[in-house]
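Heads up: the structure comes next, in structure tokens.
The values are calculated or read from the model by the stated rules, or taken from the named source; none is laboratory data. Remember, it's a predicted structure, so these values are computed and weren't measured experimentally. Because the Cβ atoms are built from the backbone with ideal geometry, glycine has one as well, and the counts that use them run over all protein chains shown.
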Amino acid sequence: MLKLSIPFRLRLSLTIVIGIGFMKTGAWLWLGIYGAIALFWSLWLRAPLRTLLQLLGAELIFLSLLALPQGWERASFLLLRSLICLLIMNSFLLTLPPHSFGIALKGLPLPAGLQEIVLLAGQYLEILLAEVTRMKRSAQLRGLSGTVGWLRYASASMIGALYLRSLDRAERVHAAMMIRGYKGSLPTDSKSTPKERLWLTVTILTAAGLTIASYGNWA
Amino acid sequence: MHIPDGFLSPPVAIATGIASAAVIAVALNRTRASLGLRQAPVMGLTTAFVFAAQMINFPVAGGTSGHLLGGALASVVLGSPWAATLAMSTVFIIQSVLFADGGITALGANIFNMGLVGIWVGWWLLQPLQRLLGGSRNRLPLAAGIAAALSVVAASICCAIELAISGTVPLNIALPAMVGIHILIGIGEGLITGGVLSYLVKVRPDLLPGEQPQLQKWLVPVVGVLLISGVLSLFASSWPDGLDSVAEKYGFKDKEAVAIQNPTPFADYGVKGLEEQPIGTSIAGVLGSAVCFGAAFGIAQLVKPKDA
Amino acid sequence: MTNLKVTPTIEVQDLVFGYPQQKPVLQGISFTLQPGERVALLGLTGAGKSTLLENLIGLKMPQSGEVRVQGTKLEQATLSQARRQIGFCFQDANDQLFMPTILEDVMFGPRNYGMPAEVARDRALALLDEFRLVEFANRSAHELSGGQRRLAALAAILALEPAILILDEPTNGLDPSWRRHLAKVLSQLPIEVILIASHDLNWIGKTTQRALILADGQIRVDEQTQELLKDRSTLEHYNLPPDW
Amino acid sequence: MTNLKVTPTIEVQDLVFGYPQQKPVLQGISFTLQPGERVALLGLTGAGKSTLLENLIGLKMPQSGEVRVQGTKLEQATLSQARRQIGFCFQDANDQLFMPTILEDVMFGPRNYGMPAEVARDRALALLDEFRLVEFANRSAHELSGGQRRLAALAAILALEPAILILDEPTNGLDPSWRRHLAKVLSQLPIEVILIASHDLNWIGKTTQRALILADGQIRVDEQTQELLKDRSTLEHYNLPPDW
Ligand SMILES: Nc1ncnc2c1ncn2[C@@H]1O[C@H](COP(=O)(O)OP(=O)(O)OP(=O)(O)O)[C@@H](O)[C@H]1O
Ligand SMILES: Nc1ncnc2c1ncn2[C@@H]1O[C@H](COP(=O)(O)OP(=O)(O)OP(=O)(O)O)[C@@H](O)[C@H]1O
Ligand SMILES: [Mg+2]
Ligand SMILES: [Mg+2]
């Protein structure tokens, strides 16, 4: 497998998904082409099939609830289109190495201010998720159980405590960052190579072509 | 209520996308001025917090459990709806990109509904409500709880309208279904927001906004009646078909919970409810909590200081 | 070995555990703790002490081998019963404290096990008094100093009145006089078995009678603490220089 | 006092600091650290050691009194310049590690100060190697053992090549051989001043020449470390029993 950088993989995935999202409803042929691209994408990334299927299955249930009231033809198109989008995104996600949120998020085309928040959130997220897990673990070890009222109180307290704790934590982490020379922007280097830019342009043009073609009257 | 890819027509997706982008741009400007260099870490943390807090499940009533969405809470603790808009937008961006929860093309709409309509409706309701309830800081949790509940419902109405304009789901199906389920989610949201804020009022009052002057006397019944009738009409429009059928079909297992328990790269966090309560629901419990909700509102009216 | 009929309090057999995508940290651990024993678990940073302790309480489940607590095999079904017996103190005191105030934190366990709020409160206050934290009872954990947090975590565990006590580096961050006081508190508790992971050779010399050394995923040494501490060459061999 | 013309590296005068709604923790602290000194800060749990250290680096601002770093008074305007000089290691290693992987964490400081990614990476890897963490370079901090996390935090600080090093309980959670190794690493660094808060009397005896005891909000003892460690009655008086 060709080694593609994570931000680049993300950009490619996003381009295709946006192309699919904007297709004309009912353009089965073009959806089929996109479907083939999606399959190729997930095979190429070697997404783990089992997990992928489980995931898509879970999504299918939810989606069909939304789409089914609208008649078979329409519903199945909507469903298939959503599934193809999910297939692409999940292939990307499931092949993401651990702790690469940050790196992946750097690939998002966002304004600088927002990019910064997104990156920091990605960072704190991992810290906080670990913290939530540990809080719960500790609560369980001390026998968390009892009436609904007590549970509700305990969990509200835990969310509250989590907030204060994260705030305190954020202040310390922020201090630790300042001490190490942080001045309002994370050191990032996600400059894409010319080759990546070329491929991205090709993908964008292809997707644009397919999507516009789906509105044409070919029959 | 995260709209997946492919459910919005291009015009709707683009229009909401542009609207959201514009608001984010304004929000970035506003918060940079007010929070300075600290903005990014504080925002980043609040965002992550909303995310993490969504993983602590809560028994609500009658066997339902819910979790926080967090828009109203974020705007109260950050003290600014602009900052909250940024935080929530970030949550949706991360959810759609890293958790495949909510579509990429629907991102604009999702931000528009929950990060914009949801937050601003809550924010606009918050202060009048707090004043209506007597204005003291101790009333903040109740006011914020009610505002949070209503803001979730408002967001779901937008969502239904967008789906309808897109021609995906006709309005007469979408509206009752979305509103019905989101009244329930909203109740949970309100309880949690209120609960967390009452805790914060107790231990860190300095983090929260202070007293609000009380409303003009004659305004009290007017605002009260408007709010109550608003709530009642929502119930009316959704009962019986919407609420009933949606409740049955979904079992109130709301979408976000599903996505996070899915085997995404984060599956190893093993995020589950605090207690493994079955989420299937008795309609009676739901009704019960709806009544409690109304009652709490009424009682709050009665107990508020006679004059201030 | 005088009385073979007594059920061992904790029995570990051929326990193997590894984190995903790594070679196993614990590669066949076996040992037995009898009622009345006070045991130290030694080993270098990263040897797997915390991992082993977490296996004893079912926070991690072994890939093979088994753990028995008071004769009952640890499985999903018996987990909550076993946990009811064990007080477990995490290496990081922050992990232990999750309620808004430390008073509530100490009350948390007893409340879950059905103790009325008033009684739980009294017990918690008595424990906080023992650890000289009463004046901080209504503070949240992050408003305490590192050592105070450790003490609060210990109080929260002792409030459960466990039959078995498992402590992961309990003296971390405590000053010398607290280390002394903690040794005294532990010696007075009516507890069946105490197992302590620690790097504080001096302290475990004063609080335990038996010591295990964990190295390369196995229990390599199982000896009387006093004997081991005198045996400098063994200690040096396991990279535990006693003067440091 | 031989050379009065040398600017003291750190100078603290009449520093008073209290947390909101409490009586001040630090009630008039004064001391001076000269270039070349290695100083220990002792004191009971809750004495205010961490609070004092955080005042030295402007994480907390004194209510009165002042701190001078290399002659410059610490104020909002001079803060970033002073911090450029100081490496500060928090008591809780978790506070220090915030990047997705520890490699990125160690690179963070150098990168912020404008070092090219490749060079920073090499320096980080060399440091991780020194602390035997290279094989964990791509792990996140919470996948390390407690001691490994401490080491990663130290590596992240040393990567800055600071002129002044302030360590809050650096040996917490380290095994004896790491305590020995850390002492060696510190002794070889070209650093102007090292100030270490610690409860590990034995270790500071081997790494510092001067010791301060903080009690009741004031520096009560300022002596040669070796002298102090021999002076059992003073230690006992400040509740620092040397055998524990
Ligand atoms: N969550 C995790 N994922 C992957 N590896 C882990 C995880 N936690 C610990 N490890 C690794 O397993 C090994 C044992 O860790 P453990 O925490 O049990 O060590 P320890 O003996 O308690 O060390 P310390 O004395 O530093 O606390 C270490 O090498 C560590 O890097
Ligand atoms: N955020 C805070 N808010 C209020 N009080 C605090 C806060 N942090 C610390 N304190 C109190 O200030 C005092 C000094 O705390 P500090 O952390 O400086 O102690 P320390 O000497 O570092 O102790 P240790 O050896 O346990 O780390 C303690 O009594 C503590 O309870
Ligand atoms: Mg450990
Ligand atoms: Mg301290």
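Overview of values
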| quantity | calculated |
| --- | --- |
| Test result for D:G28, within 14 Å of chain C (Cβ to nearest Cβ), in contact (Cβ under 8 Å) with a residue 24 or more places away in the chain and either away from ligand 1 (no atom under 16 Å from the Cβ) or of a type in the set (D, E) (or both) | no |
| Criterion: more than 28 Å from C:L151 (Cα to Cα) and in contact with a Leu (Cβ under 9 Å, 6 or more places away or on another chain) - qualifying residue of D:Q63, D:Q91 | D:Q63 |
| Count of the range D:94-117 residues which are farther than 14 Å from D:L158 by Cα and either within 16 Å of ligand 4 (Cβ to nearest atom) or modelled with pLDDT of 90 or more (or both) | 2 |
| First in the range A:151-166 and more than 17 Å from C:E143 (Cα to Cα), second anywhere and at pLDDT 75 or above and of a type in the set (G, A, S), Cβ under 6 Å, 6 or more apart | A:A156/B:G195 |
| Segments classed as strands (runs of 3 or more DSSP E), wholly inside the range D:30-139, with at least 1 members that are touching a Phe, Trp or Tyr at 6+ places or on another chain (Cβ under 9 Å) | D:38-42, D:64-69 |
| Qualifying residue in the range C:184-206 (condition: within 25 Å of C:L33 (Cα to Cα) and basic (K, R)) | yes |
| Counted residues, the range A:111-142 - those being within 18 Å of B:A25 (Cα to Cα), part of a helix (DSSP H, G or I) and either at the interface with another protein chain (Cβ under 7 Å from one of its Cβ atoms) or polar (S, T, N, Q) (or both) | 6 |
| Residues that are within 9 Å of ligand 2 (Cβ to nearest atom) and either touching a strand residue (DSSP E or B) at 6+ places or on another chain (Cβ under 9 Å) or within 18 Å of D:A82 (Cβ to Cβ) (or both), drawn from the range D:36-59 | D:L41, D:G43, D:L44, D:A47, D:G48, D:K49, D:S50, D:T51, D:L52, D:L53, D:E54 |
| Matching residues, the range D:133-167, being within 16 Å of ligand 3 (Cβ to nearest atom) and of a type outside the set (A, V, I, L, M) | D:F136, D:R139, D:H142, D:E143, D:S145, D:G146, D:G147, D:Q148, D:R149, D:R150 |
| Criterion (within 14 Å of chain C (Cβ to nearest Cβ), over 29 Å from D:P241 (Cβ atoms), touching a residue at least 12 places away in the same chain (Cβ under 8 Å) and not acidic (D, E)) met by exactly one of D:L53, D:L97 | D:L97 |
| Exclusive hit being away from every other protein chain (no Cβ under 13 Å) and either free of Cβ contacts under 8 Å to residues at least 24 places away in the same chain or surrounded by fewer than 18 Cβ atoms within 10 Å (Cβ to Cβ) (or both), set C:E118, C:E135 | C:E118 |
| Residue ID - modelled with the lowest pLDDT, chosen from residues in the range C:46-78 that are more than 16 Å from ligand 3 (Cβ to nearest atom) and β-branched (V, I, T) | C:T78 |
| Test set (1) away from ligand 2 (no atom under 12 Å from the Cβ); (2) of a type in the set (G, A, S); (3) under 26 Å from D:G43 (Cα atoms) - C:G147 fails condition number | (1) |
| The one condition in (1) farther than 19 Å from B:I146 by Cα; (2) among the polar types (S, T, N, Q); (3) surrounded by fewer than 24 Cβ atoms within 10 Å (Cβ to Cβ); (4) modelled with pLDDT of 80 or more that B:S80 fails to fulfil | (1) |
| Filter result for C:Q70 (away from ligand 2 (no atom under 12 Å from the Cβ), surrounded by fewer than 21 Cβ atoms within 10 Å (Cβ to Cβ) and either of a type in the set (S, T, N, Q) or at positive phi (or both)) | yes |
| Meets criteria (within 18 Å of the chain's Cα centre (by Cα), among the hydroxyl-bearing types (S, T, Y), buried (at least 16 other Cβ atoms within 10 Å of the Cβ) and away from ligand 3 (no atom under 16 Å from the Cβ)) for D:T32 | no |
| The range D:164-175 residues that are at positive phi, paired with ones that are within 12 Å of ligand 3 (Cβ to nearest atom) and among the small types (G, A, S) (beta carbon under 6 Å, 6 or more apart) | D:G173/D:G146; D:G173/D:G147 |
| Count of residues meeting criterion [more than 7 Å from ligand 1 (Cβ to nearest atom) and over 14 Å from C:I166 (Cα atoms)] in the range C:46-67 | 8 |
| Members of the range C:209-227 found to be over 17 Å from the mean Cα position of the chain (by Cα), of a type outside the set (V, I, T) and farther than 19 Å from C:G36 by Cβ, listed by number | C:A215, C:D216, C:G217, C:Q218, C:R220 |
